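Participant: The following block contains the structure, expressed as structure tokens.
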Amino acid sequence: RIEGAIALFPEGISHDSTKLLPIKTGAARIALGAISGFSDEDPVKLNIVPVGLYYTNKTTFRSEALLHFGEAFEVKPVKLEPDGDLPRDAVRELSDKIEEALREVTVNAESHAELELANEAANLFLSVSETFDLEESLSARSEFIRDYLAEKDNEDETGFDLKAVTSRISGYKKKLRLIGLEPENLSLSSQPFWYVFQHFLVRVWLLLIVSPLAIVGMVIHFPAYRVIKFIGERYTKHGVDDIVSTAKIIAGIVFMPFTWIVIAALIYYFVDLQSAMISFPLSFLCGYAALRTLEELYDMRGWFKAVWLFFRKRELFIDLLLERRALYRRLKKEGN
């Protein structure tokens, strides 16, 4: 008995669409062809597991990605045509079933603007329960966005007032952007002052500890970073945004190790072989320290602005907080 798995992309193409493209019949033909035509005494069992991919930002390095596994279903063998080909009706029926299963585990929006609105609604809705140390899971975000878009598609039946919700969310996000905040930054109001102070003190102290490694990492990896960014921008300008991430990954695989080799070669030339060998793991460590430091600084920037606003412009902070709660209740009511 042989067991195994194979991954297929039934759309048959790499694309940058915000929704699932029509499923081609190749996946159904492979599945039916693999189990049909065998004798009843030696049956072959085959299950299809729909898998959805969800990205927070597919062109940004170290952004989050989610694999959503749906419910598996068994494929039944069919009787072959006299010429040995598969029945067209069976192929089409299985293709439709695969497409339906994939729609259950993927986010599908009619446009990038619609998807952006759904993401903003998710930021607003989920940020109410976020804190310094805990964010809502990526699966919760994906599920919310799918439900939100489904409600939008059925707005005539559900009474979902898309225009009103869109206008209020966009206006609120515009206010936050002018200040440089995200909805989750308002969550500091739920924490005691000393907790907030200690939280930032610990994060700043850790950044100071790793700062020597981070500075070295930024300096030695800067040329490679600029080359990789240049390559990514060239692909974006040529209208092939769907393969930017692939181009960046390939460039990173080439230029980052090349950087470490160059550093090792220079150290070998000016110092000795042992120091050159040690430089390989140190270069990698410095690069990782630089990456984590920049991510922490970017994340803390919004929180620092929120703290400043909380203590220097308390009324404005409270107004934003109350407006977020009102929008949250409105959004929750519309969703229900």
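The values are calculated or read from the model by the stated rules, or taken from the named source; none is laboratory data. Values in this document were obtained by computation on a predicted structure and should not be read as measured data. Positions of Cβ are generated from backbone atoms using ideal geometry, with glycine treated the same way; all protein chains shown enter the neighbour counts. Ligands, DNA and RNA are stripped out before the accessible areas are found, and what is left, the full protein with its side chains, is counted by its heavy atoms. Shrake-Rupley method; radii C 1.70, N 1.55, O 1.52, S 1.80 Å.
For (1) at pLDDT 80 or above; (2) touching a Gly at 6+ places or on another chain (Cβ under 7 Å); (3) of a type in the set (Val, Ile, Thr); (4) open to solvent by less than 60 Å² (accessible area, probe 1.4 Å), each residue gets a yes or a no:
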| residue | (1), (2), (3), (4) |
| --- | --- |
| 20 | yes, no, no, yes |
| 24 | yes, yes, no, no |
| 29 | yes, no, no, no |
| 36 | yes, no, no, yes |
| 46 | yes, no, no, yes |
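Participant: Residue 302 versus (1) open to solvent by 20 Å² or more (accessible area, probe 1.4 Å); (2) in contact with a Leu (Cβ under 9 Å, 6 or more places away or on another chain): which is the lone unmet condition?
Facilitator: (1)
Participant: Could you go through the range 63-84 and let me know if any residue there is assigned to a strand (DSSP E or B), in contact (Cβ under 8 Å) with a residue 40 or more places away in the chain and open to solvent by less than 20 Å² (accessible area, probe 1.4 Å).
Facilitator: yes
Participant: Ok, one more. Given (1) farther than 15 Å from residue 106 by Cα; (2) out of contact with any Phe, Trp or Tyr (no Cβ under 9 Å at 6 or more places or on another chain); (3) open to solvent by 50 Å² or more (accessible area, probe 1.4 Å); (4) part of a loop (DSSP other than H, G, I, E, B), where does residue 89 come up short, assuming only one miss?
Facilitator: So the condition that residue 89 fails would be (4).
Participant: Looking only at the range 180-190, count every residue that is of a type outside the set (D, E, K, R) and open to solvent by 50 Å² or more (accessible area, probe 1.4 Å) and tell me the total. Spell out the reasoning first.
Facilitator: Within the range 180-190, the subset of a type outside the set (D, E, K, R) is 180-181, 183, 185-190.
From what is left, the residues that are open to solvent by 50 Å² or more (accessible area, probe 1.4 Å) are 190.
So the answer is 1.
Participant: Suppose we keep only residues that are in contact with a Ser or Thr (Cβ under 7 Å, 6 or more places away or on another chain) and open to solvent by less than 90 Å² (accessible area, probe 1.4 Å) within the range 48-62. Which one would you say is modelled with the highest pLDDT?
Facilitator: Step one: list which residues in the range 48-62 are in contact with a Ser or Thr (Cβ under 7 Å, 6 or more places away or on another chain), which gives 52, 54-59.
So of that shortlist, the ones also open to solvent by less than 90 Å² (accessible area, probe 1.4 Å) come out as 52, 54, 56-59.
On the way: 52: 92, 54: 88, 56: 81, 57: 78, 58: 74, 59: 70.
Ranking the candidates gives 52 first.
Participant: List every residue pair whose Cβ atoms lie under 8 Å apart, where the two residues are 6 or more positions apart in sequence or sit on different chains, the first residue falls within the range 287-307 and is closer than 14 Å to residue 204 by Cα, and the second residue, located anywhere, is aromatic (Phe, Trp, Tyr) and outside any helix (DSSP H, G or I).
Facilitator: Within 8 Å, the pairs are 303/132.
This table checks each residue for (1) at negative phi; (2) in contact with a Gly (Cβ under 8 Å, 6 or more places away or on another chain); (3) open to solvent by less than 40 Å² (accessible area, probe 1.4 Å).
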{"site": "197", "(1), (2), (3)": "yes, no, no"}
{"site": "218", "(1), (2), (3)": "yes, no, no"}
{"site": "226", "(1), (2), (3)": "yes, no, no"}
{"site": "247", "(1), (2), (3)": "yes, yes, yes"}
{"site": "262", "(1), (2), (3)": "yes, no, no"}
{"site": "276", "(1), (2), (3)": "yes, no, yes"}
{"site": "290", "(1), (2), (3)": "yes, yes, yes"}
{"site": "298", "(1), (2), (3)": "yes, no, no"}
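Participant: Which residues, counting only those in the range 306-320, are under 27 Å from residue 167 (Cα atoms) and crowded, with 16+ Cβ neighbours inside 10 Å?
Facilitator: Filtering the range 306-320 down to residues under 27 Å from residue 167 (Cα atoms) leaves 306, 309-310, 313-320.
Correct list: 306, 309, 310, 317, 320.
Participant: Here is a follow-up. Does residue 144 satisfy the criteria of being modelled with pLDDT of 75 or more, within 27 Å of the chain's Cα centre (by Cα) and open to solvent by 30 Å² or more (accessible area, probe 1.4 Å)?
Facilitator: Values: modelled with pLDDT of 75 or more: yes; within 27 Å of the chain's Cα centre (by Cα): yes; open to solvent by 30 Å² or more (accessible area, probe 1.4 Å): yes.
It is true that residue 144 is modelled with pLDDT of 75 or more, within 27 Å of the chain's Cα centre (by Cα) and open to solvent by 30 Å² or more (accessible area, probe 1.4 Å).
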